[in-house]
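All remarks here apply to the structure that follows.
The values are calculated or read from the model by the stated rules, or taken from the named source; none is laboratory data. Keep in mind that this is a model prediction, so the values were computed, not measured. Cβ atoms come from the backbone with ideal geometry, glycine included; neighbour counts cover every protein chain shown. The area values use the complete protein model at the heavy-atom level, side chains included, leaving out ligands, DNA and RNA. Shrake-Rupley method; radii C 1.70, N 1.55, O 1.52, S 1.80 Å.
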Amino acid sequence: LTGVLDDCLCDIESIDDFNTFKIFPKIQKLQERDYFRYYKVNLKRPCPFWADDGHCSIKDCHVEPCPESKIPVGIKAGSSNKYSKAANNSKELEDCEQANKLGAVNSTLSNQSKEAFIDWARYDDSQDHFCELDDERSPDAQYVDLLLNPERYTGYKGPSAWRVWNSIYEENCFKPRSVYRPLNPLAPSRGGSCLFCLCLEKRVFYKLISGLHASINLHLCANYLLEETWGKPRWGPNVKEFTRRFDPAETKGEGPRRLKNLYFLYLIELRALSKVAPYFERAVVDLYTGNGHEDAESKALLLDIFRDTKSFHMHFDEKSMFAGDKKGAKSLKEEFRLHFKNISRIMDCVGCDKCRLWGKLQTQGLGTALKILFSEKEIQSLPENSPSKGFQLTRQEIVALVNAFGR
């Protein structure tokens with residue numbers, strides 16, 4: 001890919017240089033820190049749109065939760081349990097070792113940070129959600145270590161997977177009818193419309209969903225199960241699969257556009273990070289795990305990333321969105337928000353738990369980015385030394401935002 005991206009004054013080469021040399025090394029380090037590596041998710045929520053007919057039975061999809069007796073007391077007890085520094089041993093729970101097989105979702109937690117979760121659930125009183133959030137108090141919600149559960153190919157495919165993406169594109173996305181999607185036999189092959197016939201806001205929405213889809217597909221191609229001999233799997237890049245999904249000849253020219261939409265998604269989330277910096281720059285906001293030294297280092301690294309995001313000189317200008325007459329703009333923004341919220345609900349229809357985990361996390365990360373971009377006034381008027389009633393982020397949203405951008 002080369003050249004300028006549509007709908008923004010930015011070229012691909014500049015994004016590559018900026019990301020490779022400034023952002024990526026730091027965001028990788030940040031994702032490895034305890035605050036950002038544990039994500040609480042409910043993988044048992046039923047699909048709200050159709051009967052769950054395609055649950056994946058492949059072992060790579062499977063979740064092996066820790067037995068109840070082995071879940072750390074600090075997590076089970078919630079806020080009633082006082083934080084204790086005594087638990088500072090990083091030995092993994094032996095009973096959960098079976099969960100770390102060939103990419104099954106491994107919900108093992110280190111003792112080092114298990115007690116800290118009690119202080120991580122913050123109430124978010126902002127009603128302007130772009131995502132359907134999991135209820136963290138649900139008995140089905142569990143913490144997952146994202147480093148032990150990398151996003152990669154699991155073998156989940158076919159009608160169940162097609163149905164999810166078909167529902168996203170056809171029912172919840174302002175999709176131009178001319179877009180060609182050859183790998184999904186459920187996709188209608190209607191023509192007669194074009195991407196630039198849509199208004200800017202609807203183009204942006206479609207490109208964000210397409211970029212998210214491209215990101216997920218890229219990770220499946222880059223971390224593919226190449227062979228499994230004697231129970232020892234070998235993971236690596238699958239060029240053939242990448243070609244099938246992105247080569248112009250294989251996709252009637254759609255592949256490069258999909259990749260460009262991934263760059264566009266990057267720019268939107270980069271813009272959100274630069275906009276939300278004042279929220280984190282306040283002393284009252286702490287990335288709390290209970291380890292004071294690590295917490296200070298994590299915040300310093302996050303603020304360093306924010307400085308880099310602000311230095312980028314070709315940001316997407318979100319002010320051009322919803323800038324028409326107030327009534328029409330408000331209606332379109334609400335339509336935008338409800339469509340995206342519906343997509344976050346569709347993620348509960350994904351039959352593979354590993355895929356559902358990363359789908360929910362990246363959808364919530366993008367939803368958090370949109371929430372930030374539409375809350376500029378509230379962020380600018382944040383009080384320095386007290387929580388804000390106008391704009392808040394839960395720990396889940398913060399973890400999702402950083403990890404989605406890392407993807």
*When you look at Tyr279, is it in contact (Cβ under 8 Å) with a residue 40 or more places away in the chain and more than 28 Å from Phe18 (Cβ to Cβ), yes or no?*
no
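Of all residues in the range 20-51, count the ones that are more than 20 Å from Lys299 (Cα to Cα) and either open to solvent by less than 80 Å² (accessible area, probe 1.4 Å) or not in a helix (DSSP H, G or I) (or both).
So the answer is 13.
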*asked:* Please determine whether any residue of the range 278-285 is within 16 Å of Cys221 (Cα to Cα) and among the hydroxyl-bearing types (Ser, Thr, Tyr).
replied: no
_For the range 373-383, check the following and say yes or no: at least one residue is of a type outside the set (Val, Ile, Thr), modelled with pLDDT under 90, out of contact with any Lys or Arg (no Cβ under 9 Å at 6 or more places or on another chain) and under 17 Å from Phe306 (Cα atoms)._
yes
*If you take the residues of the range 208-242 that are open to solvent by 50 Å² or more (accessible area, probe 1.4 Å) and part of a helix (DSSP H, G or I), which of them is nearest to Trp358 (Cα to Cα)?*
Ala222
*Test Ala283 against the criterion of being at pLDDT below 90 and surrounded by fewer than 17 Cβ atoms within 10 Å (Cβ to Cβ), and give yes or no.*
yes
*asked:* So if I check each of Leu273, Leu357, Leu370, Leu303, which one is on the phi < 0 side of the Ramachandran plot, in contact (Cβ under 8 Å) with a residue 12 or more places away in the chain and touching a helix residue (DSSP H, G or I) at 6+ places or on another chain (Cβ under 6 Å)?
replied: Leu273
_Going by what's in this entry, would Asp308 be described as in contact with a helix residue (DSSP H, G or I) (Cβ under 6 Å, 6 or more places away or on another chain) and open to solvent by 10 Å² or more (accessible area, probe 1.4 Å)?_
yes
_Breaking point among (1) within 23 Å of Ser210 (Cβ to Cβ); (2) open to solvent by 40 Å² or more (accessible area, probe 1.4 Å), for Leu273_ = (2)
*Exactly one of (1) hydroxyl-bearing (Ser, Thr, Tyr); (2) surrounded by fewer than 20 Cβ atoms within 10 Å (Cβ to Cβ); (3) at pLDDT 90 or above is unmet by Thr368. Its number?*
(2)
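Per-residue answers, yes or no, for (1) at pLDDT 90 or above; (2) under 23 Å from the mean Cα position of the chain (by Cα); (3) small (Gly, Ala, Ser):
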| residue | (1), (2), (3) |
| --- | --- |
| Pro248 | yes, no, no |
| Thr251 | yes, no, no |
| Leu287 | no, yes, no |
| Asn291 | no, no, no |
| Asp295 | no, yes, no |
| Ser298 | yes, yes, yes |
| Leu301 | yes, yes, no |
| Lys319 | no, no, no |
_Looking at (1) touching a Leu at 6+ places or on another chain (Cβ under 9 Å); (2) open to solvent by less than 50 Å² (accessible area, probe 1.4 Å), which one does Gly328 not meet, given that it meets all the others?_
(1)
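Got at least one residue in the range 163-175 being in a helix (DSSP H, G or I), modelled with pLDDT of 90 or more and open to solvent by 30 Å² or more (accessible area, probe 1.4 Å)?
Checking the range 163-175: not a single residue is in a helix (DSSP H, G or I), modelled with pLDDT of 90 or more and open to solvent by 30 Å² or more (accessible area, probe 1.4 Å).
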